[in-house]
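Notes follow once the structure below has been shown.
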Amino acid sequence: MLLSLVVHTYSLRYWFPATIMLGSAPAYVLSWGALRFLSTILPARMYHKLDDRLYCMYQSMVLFFFENYTGVEIIIYGDIPKNKENVIYLSNHQCTADWIIADMLAIRQSALGHVRYVLKDGLKWLPLYGWYFSQHGGAYVKRSAKFSEIAMKKKLFTQTQDGVPMYLVIFPEGTRYNPELKNVIADSQAFATKEGLAVLKHTLTPRMKASHLALEAMEGHLDAVYDITVAYEGTQGGSRQRKPAPSMPEFLCKECPRVHIHFDRVDIKEIPPEPLFFRRWLHERFEIKDRLLTDFYESEDEDKLCRFPGEGKHSPLNLSKTLPSVIILGGLTLPLLLTENGRKLYVRTWVYGTLLGWLWVNAFP
């Protein structure tokens with residue numbers, strides 16, 4: 001009896017925030033639909049500004065659970081610029097929680113609404129979310145690199161022409177690094193050897209196409225590239241062996257006490273535009289990440305273990321930045337669930353939103 005109660009209580013640590021985040025999605029999409037309808041008489045820049053505000057509200061609610069609710073400590077190495085910038089965010093990729101880390105940094109720069117993603121093609125099938133991410137300026141790519149370059153460049157170029165603020169998140173590895181998937185790591189290292197590139201141990205060999213296309217499409221619009229290296233504390237196994245990073249449910253269940261984030265800003269003028277030189281530059285950045293992660297997980301020096309070099313600053317997120325969004329979106333969702341007509345509208349939003357999303361993403365990539 002006691003054991004079942006403990007298990008049930010533990011599951012609530014995940015289901016409670018997950019229910020609220022997923023449950024508010026239809027109310028959010030309905031609000032966005034009303035905005036989109038009104039935007040037919042608004043200038044494009046005004047629509048993008050309002051869309052960013054709405055997106056910021058939803059993501060702030062998400063961060064309430066991933067930061068304030070979990071109580072995770074965020075430790076940042078490096079100085080985040082105080083002013084907003086148009087940037088490409090390049091990071092190592094090891095779990096689904098990596099998407100939230102980008103939000104964590106963006107909100108500390110008051111740029112949360114500007115976050116847009118380059119996503120793997122399969123995510124466009126996510127109910128409501130897959131469609132909306134595309135609407136918010138995201139681009140879908142295939143791991144095989146056989147994605148539509150024209151569609152991606154056109155989308156990013158159009159937003160650049162409209163003056164849309166850009167915080168474009170890209171994970172160049174193309175898939176997640178998992179130390180238990182030995183065959184994936186071996187294939188990545190074999191590819192690096194074949195191409196005459198340095199073999200990496202704690203990241204996969206980065207792919208350059210999406211990052212280079214983004215640089216080309218947004219030429220003259222970008223200020224910098226944010227080179228991010230993330231390590232989750234609690235992923236150190238015995239004998240300094242690395243364990244898999246936490247999934248979103250595990251993160252919400254408070255199984256990650258600290259997140260270490262190494263931040264490095266690279267001015268856009270320092271990045272070579274030519275494909276051959278850009279490929280070398282990108283791989284060199286991942287060589288730096290690999291050295292940082294090797295020391296984090298394997299250093300013989302106890303002072304270097306489980307930390308990045310330099311001063312790590314604790315960066316708590318003020319509750320005032322997230323709680324209002326929870327209250328507002330909760331207030332929009334509650335009427336849908338309390339009445340029979342509201343519940344019907346809620347279900348229809350999920351169903352029709354999913355179908356519309358599938359049609360839109362496939363017809364207008």
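Figures for the structure shown
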| item | result |
| --- | --- |
| Cα pair distances exceeding 27 angstrom across the range 123-269, given as percent | 36 |
| Anisotropy class of the range 48-87 from Cα gyration tensor, a/c 1.5 cut | oblate |
| Apportionment of accessible area to carbon and sulfur, the range 1-363, percent (1.4 Å) | 61 |
| Violating pairs (Cα-Cα greater than 24 angstrom) within the set K209/K254; K154/K201; K82/K313; K124/K153; K124/K209; K194/K243 | K209/K254; K154/K201; K194/K243 |
| Average accessible surface area per residue within the range 167-211, 1.4 Å rolling probe, Å² | 47 |
| Solvent-accessible area of I268 with every protein chain in place, 1.4 Å probe, in Å² to the nearest 10 | 50 |
| FRET E, pair K84, E195, Förster distance 45 Å, beta-carbon r, rounded to 0.05 | 0.75 |
| Distance between modelled label sites at L323 and A18, nm, 7 Å Cα→Cβ extension | 2.7 |
| Principal axis dimensions, largest first and in whole angstrom, of the range 198-284 by Cα | 44, 28, 19 |
| Value in Å of the Kirkwood radius, where the range 1-363 supplies the Cα pairs that are averaged | 21.7 |
| Length added when fully stretched, R53-E287, from 0.36 nm per residue minus Cα-Cα | 80.6 nm |
| Whole-number D in µm²/s for the range 247-292 (Stokes-Einstein; Kirkwood sum over Cα pairs; 10 °C, 1.306 mPa s) | 118 |
| With all protein chains modelled, accessible area of S134 [1.4 Å, Å²] | 10 |
| Using a Förster distance of 56 Å, the FRET efficiency for D303-F37 (Cβ separation, nearest 0.05) | 0.45 |
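The values are calculated or read from the model by the stated rules, or taken from the named source; none is laboratory data. On a predicted model such as this, the values are computed, not experimentally measured, just so you know. Every residue, glycine among them, receives a Cβ derived from its backbone with ideal geometry; neighbour counts consider all protein chains shown. Areas reflect the complete protein model, heavy atoms only, side chains present, ligands, DNA and RNA absent. Shrake-Rupley method; radii C 1.70, N 1.55, O 1.52, S 1.80 Å.
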